[in-house]
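S.K.: Pasting in a structure now, in structure tokens, and then I'll have a few things to ask.
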Amino acid sequence: MARLDILKHFEMLKRKFNPGQDERSRLNLSYLGEEMSSSKLGEFVKAFNERMAEEAKESGQPPIKLTQRGVSSVDLPPALMTSFFRPLFNNIKEKVAEIINAAKNEKGCPVNFIFMVGGFSESPFLKSEIKKAFENHEDEQTV
């Protein structure tokens, strides 16, 4: 049950995440109760940050760093949250482009509007990615 509660909480974070804002993505792990003590969470955060610092040195990129908040929460930095979504967004954009091209080339019907439906379509990040990819193209598509 605790893991389902965490997934539910992450789903809420996912829907509202907007990397251009100074918005915290705080993941609450209190659902794990005694399985995740404050000291154990601190150990995980420290180990993650050390590993990310090493990877950052090798890649020359700035490190991704978690921050423990209170006894049972972790702030996920925008770079980490973005990394969760980038592959998914690329797949979504490829599929939308495929559908638009099929409508235009096979059916002779240009696409003028894109309607986003479903829970994840609430994401300001996804909306901005779709707009950047398809708004103001030669066919004047509108999201």
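S.K.: In region 6-49, which residues are modelled with pLDDT of 85 or more, touching a Leu at 6+ places or on another chain (Cβ under 9 Å) and either in the same structural domain as Ser123 (by TED's automatic domain parsing) or among the hydroxyl-bearing types (Ser, Thr, Tyr) (or both)?
M.R.: Matches in region 6-49: Ser25 only.
S.K.: On to the next question. Mind telling me which of the residues Phe120, Phe84, Phe125 ends up being of a type in the set (A, V, I, L, M, F, W, C) and in contact with a strand residue (DSSP E or B) (Cβ under 9 Å, 6 or more places away or on another chain)? Spell out how you get there, then give the answer.
M.R.: Details: Phe120 fails: in contact with a strand residue (DSSP E or B) (Cβ under 9 Å, 6 or more places away or on another chain); Phe125 fails: in contact with a strand residue (DSSP E or B) (Cβ under 9 Å, 6 or more places away or on another chain).
Answer to the selection: Phe84.
S.K.: So, one more: Could you tell me whether any residue of region 6-26 is farther than 18 Å from Ala79 by Cα, touching a residue at least 24 places away in the same chain (Cβ under 8 Å) and outside any helix (DSSP H, G or I)?
M.R.: no
Every residue, every condition in (1) surrounded by 14 or more Cβ atoms within 10 Å (Cβ to Cβ); (2) under 21 Å from the mean Cα position of the chain (by Cα), yes or no:
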position	(1), (2)
Pro62	no, yes
Lys65	yes, yes
Phe85	yes, yes
Leu88	no, yes
Asn105	no, no
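S.K.: What's the number of the only condition in (1) surrounded by fewer than 15 Cβ atoms within 10 Å (Cβ to Cβ); (2) of a type outside the set (D, E, K, R); (3) in contact (Cβ under 8 Å) with a residue 40 or more places away in the chain that Ala53 fails to meet?
M.R.: Result: Ala53 passes all but (3).
S.K.: I'd like the full set of residues that are without any contact (Cβ under 8 Å) to a residue 40 or more places away in the chain and either in contact with a strand residue (DSSP E or B) (Cβ under 9 Å, 6 or more places away or on another chain) or surrounded by 16 or more Cβ atoms within 10 Å (Cβ to Cβ) (or both), limited to region 90-101. Even if it seems obvious, please write down each step before you answer.
M.R.: Of the residues in region 90-101, the ones without any contact (Cβ under 8 Å) to a residue 40 or more places away in the chain are 90-92, 94-99, 101.
Result: Ile92, Val96.
S.K.: List the pairs whose first member sits in region 129-143 and is modelled with pLDDT under 90 and surrounded by 12 or more Cβ atoms within 10 Å (Cβ to Cβ), whose second member is in a loop (DSSP other than H, G, I, E, B) and aromatic (Phe, Trp, Tyr), and whose Cβ atoms are under 9 Å apart, counting only residues at least 6 apart or on separate chains?
M.R.: Val143/Phe115
S.K.: Mind checking which residues of region 15-55 are over 19 Å from Val71 (Cβ atoms) and in contact with a strand residue (DSSP E or B) (Cβ under 9 Å, 6 or more places away or on another chain)?
M.R.: Taking region 15-55 as the starting set, the residues that turn out to be over 19 Å from Val71 (Cβ atoms) are 15-23, 50-55.
Scanning region 15-55 gives Lys16, Phe17.
S.K.: Among what's in region 27-45 and is over 17 Å from the mean Cα position of the chain (by Cα) and not in a helix (DSSP H, G or I), pick the residue that is surrounded by the fewest Cβ atoms within 10 Å (Cβ to Cβ). Spell out the reasoning first.
M.R.: Let us first name the residues in region 27-45 that are over 17 Å from the mean Cα position of the chain (by Cα), namely 29-45.
Still in the running and not in a helix (DSSP H, G or I): 29, 36-37.
On the way: Leu29: 19, Met36: 17, Ser37: 13.
Within region 27-45, the match that is surrounded by the fewest Cβ atoms within 10 Å (Cβ to Cβ) is Ser37.
S.K.: Would region 114-126 turn up any residue that is outside the structural domain of Lys8 (by TED's automatic domain parsing) and more than 24 Å from Lys8 (Cα to Cα)?
M.R.: Restricting attention to region 114-126, the residues satisfying the condition of being outside the structural domain of Lys8 (by TED's automatic domain parsing) are 114-126.
Those still in the list that are more than 24 Å from Lys8 (Cα to Cα) too: 114-115.
Looking through region 114-126, at least one residue is outside the structural domain of Lys8 (by TED's automatic domain parsing) and more than 24 Å from Lys8 (Cα to Cα).
The values are calculated or read from the model by the stated rules, or taken from the named source; none is laboratory data. This is a predicted model, so every value here is computed, not measured. Positions of Cβ are generated from backbone atoms using ideal geometry, with glycine treated the same way; all protein chains shown enter the neighbour counts.
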